[in-house]
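Input: a single structure, listed below in structure tokens.
No lab work stands behind these numbers, since they all come straight from the coordinates. Predicted model, so just to flag it, every value in this text is computed and none were measured. Please note: Cβ atoms are built from the backbone with ideal geometry, for glycine as well, and neighbour counts cover all protein chains shown.
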Amino acid sequence: MKKENGAKSGTANSGRSPTPYSLPTPHFSLLTSRGGFTLLEAVIYIGLFSILLSFTIGIFFQILAGYGAHLNRVETDSVARFLADKIAWSLATATAVNQPAVGATSTALSVTRYNFAGNPVVVDLVGGTARLSRAGGTAYPITGSRVRVSNLIFEHLSASGNTPEAVSYQLTAATSTASTTLAGTIYLMK
């Protein structure tokens, strides 16, 4: 046979012995075949996605729990501050402290305010709820049911030297996850 146009002589298999019934074998390569994902690649991607998703969900629930604890803290602080403000209001223009007696402590504060039609003003604690009453009338709650008040103590301090008569208080407001304790002393201006 003659070579024409650079063609090699011999059979079409060039070096292989021809077999009458053999079919050409396909050559698959993961690097060159890009018709879609293989099963192994899909399993790896699903596994990575699952890990990322579980971390994201975990972080999300931690943020929610932290937000709930923050709301409890804010609510507890607000109730404690509101109660302290009501105590300060009761004593702002007080001319006499009816309860507790001088040198004594009590869970109730009763005062007579200057030129006030609702005398006496009473702040007390019943069942974890602080209450306020005026002129011996109905005592209304001044704290809610979610925040329980414990340890509401008033002490009537006597005047000595240049220090005027005063009332000191201590209170603790708490929810299931947060607690706030406030204390203060309010001097009477007579």
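Assorted remarks:
- Long-range amide H partners of residue 143 with built H, under 5 Å: 130
- Value of Rg to Rh for segment 60-187 (Rh from inverse mean 1/r over Cα pairs, i.e. Kirkwood): 1.06
- Calculated FRET value between residue 153 and residue 82, using beta carbons and R₀ = 22 Å, to 0.05: 0.80
- Placing a pseudo-label 7 Å from each Cα along the Cα-to-Cβ vector at residue 101 and residue 43 gives an inter-label distance of 8.6 nm.
- Our coupling estimate for segment 131-146, obtained by passing each phi through the Karplus curve with A = 6.51, B = -1.76, C = 1.60 and θ = phi - 60°, is 10, 10, 10, 10, 6, x, x, 5, 8, 9, x, 10, 10, x, 7, 6 Hz, Gly and Pro reported as x.
- ³J(HN,Hα) computed for each position of segment 47-64 - Karplus, 6.51 cos²θ - 1.76 cosθ + 1.60, integer Hz, glycine/proline x: x, 5, 4, 5, 5, 4, 5, 5, 5, 5, 5, x, 5, 4, 5, 5, 5, 4
- Remark: segment 72-84, residue by residue, has Karplus-estimated 3J(HN,Hα) of 4, 5, 5, 5, 5, 4, 5, 5, 4, 5, 4, 5, 5 Hz, where x stands for each Gly or Pro and the curve is 6.51 cos²θ - 1.76 cosθ + 1.60 at θ = phi - 60°.
- Taking 0.36 nm per residue of separation and subtracting the current Cα-Cα distance, fully stretching the chain between residue 59 and residue 114 would add 14.2 nm.
- In this calculation the C-beta distance from residue 189 to residue 146 is compared with R0 = 45 Å, giving a FRET efficiency of 0.80.
- For residue 108, the residues whose modelled amide H falls within less than 5 Å of its own, excluding neighbours fewer than 5 places apart on the same chain, are 154.
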